[in-house]
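Here is the structure we will look at, set down as structure tokens.
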Amino acid sequence: MPSSTHNKQSIDTLIHAKWIARVNIDEPLIDHTIVVNKGIIVALLPQNQAKQHYQAENNFQLDHHIVTPGLINSHGHAAMTLFRGYADDLPLMTWLNDYIWPNESRWLSAEFTRVGSELAIAEMIRSGTTCFSDNYFYSLDVGKAAHTAGIRAQLCPTILNMKTPWANSVDDYIAKAEDSHHAFKASPLINSILGPHSPYALSDTELNKVVTKAEQLNCMIQMHVHETAQEISHSLEQYYCRPLARLDRVGMLTNTLQAVHMTQLTEHEIDLIAERDVKVVHCPESNLKLASGFCPVGALRAKGVTLALGTDGAASNNDLDMIGEMRTASMLAKAVAADATELNATESLRMATLEGAKCMGLDDIIGTIEVGKQADLCATALNELANLPVYHPVSQLIYTASRDQVSHVWVAGRILLKNKELLTIDCQKLTHDVQVWHNKLQT
């Protein structure tokens, strides 16, 4: 006889899924249930057992879906979504110096940042992203947009020695970054670190100021490092050493550094960052589009380096699609290593989840599906003709699925996307606001 409801434990949510990819254990669970209460995963059980022991306010029967940890986009510039397609097919420094920075100087504002960030957050949630890192200006406004939408975020307020509408000097940027750090210190979803733009954007003295402030705040640092060959040659001409050597000299090459891109690395540098436990964020599609180079994923993984995945900004990608990014990362790693076994589908998913959490220092609460962790989850249907037959669900997710197949997204147990519908963002108003900025940017 079925169990009486009087004998069942009442909880918030039951998610019954065909497959559950836990990430901390490679083999997916089949026909299991994720039991969620007060935002925390409290049990993983076969579906029949879960239905016998629990009754939930919210039940989701996902018979054709794979549920994974929520995807973690470890590097981006959310507000730059308003520059999507604005300056395509250009090398990095031309793109920055002739198009992006001049237009930011003209248009950058709290309102620009709010609208661009909301657009990015909407796209990311619909693509299965539950946590993102944002290296940009007006970080308080980015944080407020993330809080309103219910998504998790790491803010990395930009620091550079160029005047913008947001700040006038390096000291001003650092002060605003400190304000952001304190503003979100008590937030369960938002944290704020330091985001010095790049070695070439700061002098040694200014880099020292960043290191000192990070030590005072006990926070991490995210920076674009070794992104292009031009960056290396410029550093050799101006400082007589490579950028990583400069960062080592000022004390930044530690386990608190999140180094983004890293396409230009020697064997010695790979050994050094492994020894120092520097985190690396790989942005394959942006690097390909800007012809920046290839991150040596296989060599970094072989040395045990924490290797996360990011999209970079939509102005240089041109999307914020982490499913697509996982596929590109896997394919590119195989080509660069000349090894078809390099970065398999399971490892690619790990980069976009657990490795991203490790990179941000959040792996104690997110990044895997296991009891005690926050219920940051993504459900993707695998029943389209292009997905069939499903022999290996994680492989089908990485190599055949698209972001349009993401149907449900939860952050800390709160559902943000239900049957592909955004629940925390007014899409009609957002579309109007984006069109207003589109019209401005065309003038």
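Of all DSSP beta bridges confined to the stretch 13-114, the antiparallel ones make up roughly 65%. The calculated FRET efficiency for the pair residue 423 and residue 338, based on their C-beta separation and a Förster distance of 45 Å, comes to about 0.50. Distance between Cα centroids, the stretch 128-142 to the stretch 157-205: provide it in whole Å. With the stretch 128-142 and the stretch 157-205 each reduced to a Cα centre, they are spaced 13 Å.
For residue 299 and residue 230 in one chain, what is 0.36 nm times their gap in residues minus the Cα-Cα distance, to one decimal in nm? Working shown, then result.
Numbers: separation 69, 0.36 × 69 = 24.84 nm, distance 2.22 nm.
Taking 0.36 nm per residue and subtracting the Cα distance, the gain is 22.6 nm.
Extending 7 Å from Cα along the Cβ direction at residue 239 and again at residue 31 yields two label points whose distance is 5.9 nm.
When +1 charges are put on Lys and Arg Cβ atoms and -1 charges on Asp and Glu Cβ atoms, the dipole computed for the chain relative to its Cα centre reaches about 880 debye.
Mind putting a number on the dipole of the stretch 22-152 about its Cα centre? Charges go on the C-beta only, +1 for Lys and Arg and -1 for Asp and Glu, and I need it in Debye to the nearest 20. Spell out each step's value before the answer.
On the way: 9 positive and 14 negative charges, 88 e Å.
In total the dipole reaches around 420 debye.
For the stretch 240-246, the Karplus equation 6.51 cos²θ - 1.76 cosθ + 1.60, evaluated at θ = phi - 60°, returns couplings of 6, 7, 7, x, 5, 5, 4 Hz by residue, with Gly and Pro reported as x. Candidates 15, 91, 333 compared by Cα position along the dipole of the chain: farthest toward the positive end lies 15, with charges placed on Cβ. Taking 20 Å as the cut-off, the amide N atoms of the stretch 286-327 that come nearer than this to a point 7 Å along the Cα-to-beta-carbon line of residue 103 belong to 286-292, 311-321.
Only helices enter the 222 nm calculation for the chain: every DSSP H run of n ≥ 4 contributes -39,500 (n - 2.57), and dividing by all residues gives -11000 deg cm²/dmol, rounded to 500. By the count of other C-beta atoms within 10 Å, a proxy for reagent exposure, 40, 125 are ordered fewest to most as 40, 125.
Under the criterion of Cα pairs below 8 Å and six or more residues apart, the relative contact order for the stretch 97-250 equals 18 percent.
With an 8 Å Cα cut-off and a minimum separation of 6 or more residues, compute the relative contact order for the chain in percent.
Details: 976 pairs, mean separation 90.0, N = 443.
Averaging sequence separation for qualifying contacts and normalising by length gives 20 percent for the chain.
The label point for residue 111 and the one for residue 203, both projected 7 Å from the Cα toward the Cβ, are 3.7 nm apart. Helix 170-183 sits at what angle to the longest principal axis of the chain, using alpha carbons and giving 0 to 90 degrees rounded to 10? Approximately 20 degrees, to the nearest ten. With distances taken between every two different alpha-carbon atoms, the chain has a Kirkwood hydrodynamic radius of 22.2 Å. Positive end of the dipole of the chain (Cβ unit charges, origin at the Cα centre): among 36, 323, 396, the Cα lying farthest that way belongs to 36. The slack in the chain from residue 52 to residue 9, taken as 0.36 nm per residue of separation less the alpha-carbon distance, amounts to 14.5 nm. Under a Cβ-only charge scheme (Lys and Arg +1, Asp and Glu -1), can you give me the dipole magnitude of the stretch 92-211 about the Cα centre, in debye to the nearest 20? The calculation lands at about 300 debye.
The calculated FRET efficiency for the pair residue 216 and residue 164, based on their C-beta separation and a Förster distance of 25 Å, comes to about 0.55.
A simple spin-label model places pseudo-atoms 7 Å from Cα toward Cβ; at residue 384 and residue 402 they are separated by 0.5 nm. Between residue 370 and residue 435, take the C-beta separation as r, use R0 = 41 Å, and let me know the FRET efficiency to the nearest 0.05. So, using R0 = 41 Å, E works out to roughly 0.40.
We did not get these values from a lab; they are worked out from the coordinates using the rules stated. All values derive from a computational prediction rather than experimental measurement. Cβ coordinates were reconstructed from backbone atoms using ideal geometry, including for glycine residues, and neighbour counts include every protein chain displayed.
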